[in-house]
Amino acid sequence: MTTIIKDRLKEFTTESDWKSRVSAQKSKEIWSIGGGKGGVGKSLTTANLSICLALMGYKVVSIDLDLGGANLHTCLGANIPALTLSDFLTKKVSNFDDLITPTPIDNLSIISGAHDDFGMANLKQVHKAKILHQLYEMDADFVLLDLGAGTTYNTLDFFLAADKGIMTTLPEPTSIENTYRFIKSVFHRKLSLCDQLLDVNHLIDQAMNSKITGESNPSKMINEISNKYPELGEIIKAEISDFIPNLIINQTRTQADIDIGFSMKFICQKYFGFSLDYTGYLEHDPSVWQSVKKRKPLLTEFPNSPLIHNFESIVHKLIPNQIEKNQEKVG
């Protein structure tokens, strides 16, 4: 079944172009997959984006950073690994290489999150730094991080540390509201971590915590700060231009569900002042829960699922900039 999917992935490019993608990949790219609440499809998205990349010939490692409820291994059809992040954080192993566990998919491995250790969901700064260091040292083309739900600093920091931050949401009011809260929290965290903006952090806090009204919104208040402090304004503009999260709408049933992504893109630009890349959508498909129940990867267990095309489109939208960047390095 993996051959069927691999053939379909290769249809997007010529044979020579497809092979050049693998040879041109000289440095890894880290993707983080997060969202405002649980149950929106973060693990599903992480697992199947990982599978797509692996079937295209890339060396991929998926890491379950939902430290309070790791379940990525189930979506990948793998058994619970003998060693997890708990063993790294408690110094039973010294590096991530000892945690890597193969999956049934060629080129794809997994590092599982903590399962039982109380308190692992609340990482100390030193632990977070150790994990980030290991991520940058890994021997892989792509490293995908399956983040926990919510807006803890751990989650926000891992989202920001990635080359691409990807959010999943459902076409439901509560999920959309939580996604806006997540986006705003990530952006707020990004500005607060900029040392050059420490003097205006209190003003940024006021702006990001302000309510959206007819007269005021976070974007307007940030612009006022930039105008009042021109030199810092240039730094703020640079931080904003560097912040382009990706959005995936999961479980769409109608065109109205699909169009929610475009509305969220418009709202982020208007009221928060930054761009949102609407990367794609995933159709509602009963095959999802069937694959989880069977503990088999969706893309290999149900090769005729409409989600195959959805994931193909998403991964090929996410890849081009990286391919072009690495080809420039090679040239």
Sequence ranges 32-44, 74-86, ranked by mean other-Cβ count within 10 angstrom, highest first: 32-44, 74-86
Calculate the FRET efficiency for ALA82 and ASP106 from the Cβ-Cβ distance with a Förster distance of 25 Å, rounded to the nearest 0.05. 0.75
Over 10 Å intervals from 0, what percent of Cα-Cα pairs in the stretch 2-323 sits in each interval? 6, 26, 33, 24, 10, 1
Sort the following peptides by mean Cβ neighbour count (other Cβ atoms within 10 Å, averaged over residues), highest first: 209-219, 229-239. 229-239, 209-219
Work out, step by step, the length gained on full extension between SER210 and ILE244: first 0.36 nm times the residue separation, then minus their alpha carbon distance; give nm to one decimal. 10.1 nm
Sorted peptide list for 280-287, 312-319, criterion being average Cβ within 10 angstrom, highest first: 312-319, 280-287
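None of the figures in this text is laboratory data; all of them are computed from the coordinates on show. Predicted model, so just to flag it, every value in this text is computed and none were measured. Please note: Cβ atoms are built from the backbone with ideal geometry, for glycine as well, and neighbour counts cover all protein chains shown.
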